[in-house]
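A.B. asks: Dropping a structure here in structure tokens format, bear with me for questions.
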Amino acid sequence: MSSAYLVALGSNRRHHIYGLPREVVRAAMEELAALGTVTARSPVFTTPPLGPAERRFANAAIVLESEYDPPSLLAGLKRMEHSFGRRRGRRWGDRVLDLDIILWSGGKWRDRTLTIPHNAFRNRRFVLAPAVSIAPDWRDPVSGRTIAQLAATK
């Protein structure tokens with residue numbers, strides 16, 4: 001049975017093939033089709049650096065229909081990050097590609113490696129701005145608020 005996922009994408013480092021972060025995000029949007037069917041793509045937004053990151057980010061979101069359960073999809077996203085050159089490092093550091101599951105049509109999920117909804121998405125304009133452009137009526141199963149309502153407060 002297929003599930004729908006809201007996945008956030010981010011980049012703030014050049015890639016040796018794809019180039020600037022905006023193009024890295026666009027390439028990743030295409031590559032995500034390997035994990036299911038991409039049914040919606042947001043525009044790519046430019047956002048300021050956070051924490052120790054020194055470069056501006058390119059951020060976007062997609063809606064993905066997939067047969068994968070949440071842990072399997074997370075494993076696929078981590079493999080994709082690695083294939084794009086992502087290396088584990090400091091939190092909020094510069095990165096070629098970051099992929100996060102934000103919401104899932106199944107509601108809540110929690111195990112030792114994954115929490116859905118993403119713990120901090122409600123407070124992250126760089127997640128909410130792209131998400132509201134493609135999934136304004138999706139609901140946060142914790143607060144009950146739609147993405148449009150959450151975005152209006154940020």
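A.B. asks: Identify, please: which residue in the range 91-135 is closer than 18 Å to Asn12 by Cα and among the charged types (D, E, K, R) and is, among those, nearest to the chain's Cα centre (by Cα)?
C.D. replies: Here the answer is Asp100.
A.B. asks: Considering only residues that are more than 24 Å from Gly107 (Cα to Cα) and of a type in the set (A, V, I, L, M), which ones fall in the range 24-79?
C.D. replies: Residues satisfying the conditions are Val24, Val25, Ala27, Ala28, Val44, Leu50, Ala53, Ala58.
A.B. asks: Wholly within the range 22-139, which strands (runs of 3 or more DSSP E) include no fewer than the required count, namely at least 1 residues that are loosely packed, with under 14 Cβ neighbours inside 10 Å, of a type in the set (Val, Ile, Thr) and at pLDDT 95 or above?
C.D. replies: Answer list for the range 22-139: 37-41.
A.B. asks: Name every residue in the range 141-154 that is in contact with a strand residue (DSSP E or B) (Cβ under 9 Å, 6 or more places away or on another chain) and crowded, with 19+ Cβ neighbours inside 10 Å, in order of residue number.
C.D. replies: Ile147
A.B. asks: Return only the number of the condition from (1) more than 21 Å from Ile116 (Cα to Cα); (2) surrounded by fewer than 19 Cβ atoms within 10 Å (Cβ to Cβ) that Asn12 does not satisfy.
C.D. replies: Of the numbered conditions (1) more than 21 Å from Ile116 (Cα to Cα); (2) surrounded by fewer than 19 Cβ atoms within 10 Å (Cβ to Cβ), the odd one out for Asn12 is (2).
The values are calculated or read from the model by the stated rules, or taken from the named source; none is laboratory data. On a predicted model such as this, the values are computed, not experimentally measured, just so you know. Quick reminder, even Gly has a Cβ in these numbers, built from the backbone with ideal geometry, and neighbours come from all protein chains shown.
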